[in-house]
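All remarks here apply to the structure that follows.
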Amino acid sequence: MKPLFITLEGTEGVGKTSNLAYIKQLLDEAKINYIVTREPGGTPLGEALRGMLLSHDYKGMSSDTELLLMFAARAEHVAQVIKPALAKGQWVLCDRFTDATFAYQGGGRQLDMQRIADLENWVLGKLRPDLTLLLDCPLEVARARADNRSTPDRFEQEKDAFFNRVRDVYLQRAKVDPNRIKVIDASLELAKVQEQIKAVLGKDL
Ligand code: Z5A
């Protein structure tokens, strides 16, 4: 079977980390050989860039710089981790990928979507996720969950309007590409969210 490249997306606090553990369990049960990784990050250089991207030390970072750092981290990640894993037959489970750039830098920061698409083509070539699980829930629900956690990072301090634009772009992308992007209602209790994930992933396991 062709190894799958699966990504997990959604606004902050929507439950990606919580559900990643469940997806790993499903893949283990199906005896799939896989790696788990994340963006921004996934390589030593990518993790260093992640530190800069999330840090309040760079509060005034321009949106173009932010976009280019996301893609610099991604270029390294794709070359060093994602493509080699897929070539070895390993599935790749990635916490956020390029849909996040369209949503956060395109929607949130309102950068030109075509410019992001050009960078996507340049950095990824033909590589695209096979399946994207978009965990979606209203902002108030995700915010209430995220608010229980530690100090907000540079993105988490953005205002509601920013996150509403992020969510809108994610949902628009799912509408345009429903075969790849599966919307999961993440406002429900965890067990119900997991049922939906199993229903989607079950087809490939
Ligand atoms: N970013 C970007 O701008 N452009 C890009 O191209 C990329 C990323 C790739 C870091 O991402 C930031 O990078 C991100 C976008 C930007 N910033 N933001 N915002 P990240 O993925 O590392 O950060 P995050 O979105 O804040 O994810 P997170 O902190 O890992 O949150 P989460 O994984 O979605 O949520 P969680 O930790 O699993 O759950 C939050 C809480 O809710 C926790 O207490 C859970 O126990 C609880 N929870 C989860 N599910 C449920 C349900 N169903 N019911 C009740 N409670 C629940």
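Things to note:
- For segment 1-25 versus segment 189-205, the gap between their alpha-carbon centres in whole angstrom: 11 Å
- Only Lys, Arg, Asp and Glu carry charge here, each on its Cβ (+1 for the first two, -1 for the last two); on that basis segment 5-201 has a dipole of about 400 debye about its Cα centre.
- Max mean-square fluctuation residue, GNM over the chain, Cα-Cα springs under 10 Å, options 168, 185, 28: 28
- Among the listed pairs 2/175; 2/31; 2/126, those with a Cα-Cα distance over 20 Å are 2/175.
- Prolate/oblate/rounded label for segment 66-205 (Cα gyration tensor, a/c 1.5): oblate
- The Stokes-Einstein estimate for segment 1-150, based on a Kirkwood radius over Cα pairs and taken at 10 °C with 1.306 mPa s viscosity, is a diffusion coefficient of 98 µm²/s.
- A crude spin-label estimate for the pair residue 171 and residue 63, with each label 7 Å from Cα along the Cβ direction, gives 2.1 nm.
- Surface per residue (accessible, 1.4 Å probe) for segment 5-201, Å²: 48 Å²
- Shown for the chain: the carbon plus sulfur share of the solvent-accessible area, taken with all protein chains present and a 1.4 angstrom probe, equals 53%.
- Fully extending the segment from residue 198 to residue 1, taken as 0.36 nm per residue of separation minus the present Cα-Cα distance, adds 69.0 nm.
- Segment 1-62: C-alpha gyration tensor shape, a/c 1.5 cut-off, then a/b vs b/c: prolate
The values are calculated or read from the model by the stated rules, or taken from the named source; none is laboratory data. All values reported here derive from a predicted model rather than from experimental measurement. Glycine gets a Cβ as well: all are built from the backbone with ideal geometry, and neighbour counts include every protein chain shown. These area figures cover heavy atoms from the full protein model, side chains too; ligands, DNA and RNA do not enter into them. Shrake-Rupley method; radii C 1.70, N 1.55, O 1.52, S 1.80 Å.
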